[in-house]
Amino acid sequence: MLLEASVKRGHVVHKASIIPMDNAVFVLFYEGSMKIGTLAVSTAGLRDGSTGTSSVLLGGKYLVASRALAEKVAASFKKMGIVSLNTQLMEGEALRLYSSLLDKARQPGPVGPEETGSKG
């Protein structure tokens with residue numbers, strides 16, 4: 001089952017698409033049309049509250065944000081997290097926005113675009 005959330009900032013729609021699998025969760029974070037970006041993977045921690053290991057597999061942009069998002073996915077779903085991040089936002093802003101979209105996509109109910117005052 002595909003889980004999605006989006007938010008519109010200015011003229012740009014930012015999206016999170018979550019694809020849960022038996023042994024992993026693949027999440028694409030992107031602007032506009034779906035595309036692959038910096039790819040990171042993280043294992044779930046062995047104990048509750050512990051973080052697993054993470055690494056960037058592909059890409060040279062948004063290294064910290066993609067790893068942090070992969071770690072959050074792995075911790076949230078308690079299984080391997082694979083994340084693709086493709087955006088034009090500054091890295092810190094991208095991490096905040098897409099982390100929020102991840103939380104939003106996991107909640108039940110409608111998760112369509114909503115306008116915010118920030119420019120993106």
| remark: Considering the range 58-67, residues that are modelled with pLDDT of 90 or more and either assigned to a strand (DSSP E or B) or hydrophobic (A, V, I, L, M, F, W, C) (or both), and then whichever is surrounded by the fewest Cβ atoms within 10 Å (Cβ to Cβ), we arrive at V64
| query | Quick check: anything in the range 74-92 within 20 Å of Q107 (Cα to Cα), touching a strand residue (DSSP E or B) at 6+ places or on another chain (Cβ under 8 Å) and in a loop (DSSP other than H, G, I, E, B)? | reply | yes
| message | Please count how many residues of the range 13-41 are surrounded by 15 or more Cβ atoms within 10 Å (Cβ to Cβ) and under 21 Å from R96 (Cα atoms). | response | 18
| When you go through (1) surrounded by fewer than 19 Cβ atoms within 10 Å (Cβ to Cβ); (2) modelled with pLDDT of 95 or more one by one for S84, which number turns out not to apply? | (1)
| query | If the Cβ limit is 9 Å and pairs must be 6+ apart or interchain, which residue in the range 89-100 that is under 13 Å from V64 (Cβ atoms) pairs with which residue that is buried (at least 20 other Cβ atoms within 10 Å of the Cβ) and among the charged types (D, E, K, R)? | reply | S99/K72
| said: Being in contact with a Ser or Thr (Cβ under 9 Å, 6 or more places away or on another chain) and assigned to a loop (DSSP other than H, G, I, E, B): is that true of I36 here? | reply: yes
| Among A70, A44, which is surrounded by 18 or more Cβ atoms within 10 Å (Cβ to Cβ) and at pLDDT below 90? | A44
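The values are calculated or read from the model by the stated rules, or taken from the named source; none is laboratory data. Values in this document were obtained by computation on a predicted structure and should not be read as measured data. Backbone-built Cβ (ideal geometry, glycine too); neighbour counts: all protein chains shown.
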